[in-house]
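One structure below.
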Amino acid sequence: MNSWFLLWEIIILAILLVLAYYDGRYFTVPNFIVWPAISAVIIFNLFFSQNGWSWLLGLIVGGLFYLSQYWLTRGKDLGFGDVLLGILSGAILGYPVVIVAIFLTYLMAAVIAIGLLVFKKEKLTAELPLGVFINLATIICIFSGEKILLYLNL
C-alpha cells in the first residue's frame with residue numbers, strides 16, 4: 001500500500017472518530033468538520049478511486065437512505081447531520097459496502113438500546129446519537145466490509 005493512501009486512511013479514521021465523539025457528547029454533527037470531510041473524500045475519489053464510480057453510488061445510496069428517514073420523521077428522530085454522515089460513509093465505502101454499514105449501524109444501535117432498557121439505564125423515550133453508530137459502522141466496513149459482503153454472498 002502506498003504511504004499516501006495509508007496516511008489518507010489514518011486521516012479518515014481520525015475524522016470519523018472525532019465526529020463520533022462529538023455526536024455522542026453533544027448530539028450534533030459539526031458542519032465545520034463534516035462538510036470539508038465530504039468535500040475531501042469526493043476530491044480524493046475523483047482523482048484516486050480504485051473502485052471506479054462505486055463511491056458515487058455509495059454516496060447517493062447512503063445519503064438518500066438517511067434523507068428519506070429525515071423527511072419521514074420531519075427531522076424529529078434523525079437530524080440532518082446524520083444525513084451528512086450517511087453521505088460521507090457512502091463516499092468513503094462505495095456501493096455495495098455502504099449497505100453493510102447501514103445494516104451494522106442499526107444493528108449496533110438496537111443492541112445498545114435494548115441493553116440500556118434491559119439494565120434500566122435508560123427509559124424507552126431516551127435518545128441515542130445515531131451518528132456514533134454510523135461512524136463506527138463505517139470504520140468497521142473500512143476494514144471488513146468487503147469480507148462481510150463475501151461472507152453473505154452479496
Exercise for review: Check segment 116-129 and report whether any residue there is buried (at least 19 other Cβ atoms within 10 Å of the Cβ) and out of contact with any Asp or Glu (no Cβ under 8 Å at 6 or more places or on another chain).
Suggested key: no
Exercise for review: Could you grab me the full set of residues in segment 1-32 that are in a helix (DSSP H, G or I), of a type in the set (A, V, I, L, M) and under 19 Å from Leu78 (Cβ atoms)?
Suggested key: Leu16, Leu19, Ala20
Exercise for review: Pull up segment 72-94, narrow it to residues that are surrounded by 12 or more Cβ atoms within 10 Å (Cβ to Cβ), modelled with pLDDT under 95 and not hydrophobic (A, V, I, L, M, F, W, C), then point me to the one that is nearest to Ser54 (Cα to Cα).
Suggested key: Gly79
Check your understanding: Can you find a residue in segment 130-145 that is out of contact with any Asp or Glu (no Cβ under 9 Å at 6 or more places or on another chain), free of Cβ contacts under 8 Å to residues at least 12 places away in the same chain and part of a helix (DSSP H, G or I)?
Key -> yes
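The values are calculated or read from the model by the stated rules, or taken from the named source; none is laboratory data. Here the structure is a predicted model, which means the values were calculated and not measured. Note: ideal-geometry Cβ built from the backbone for every residue, glycine included; neighbour counts use all protein chains shown.
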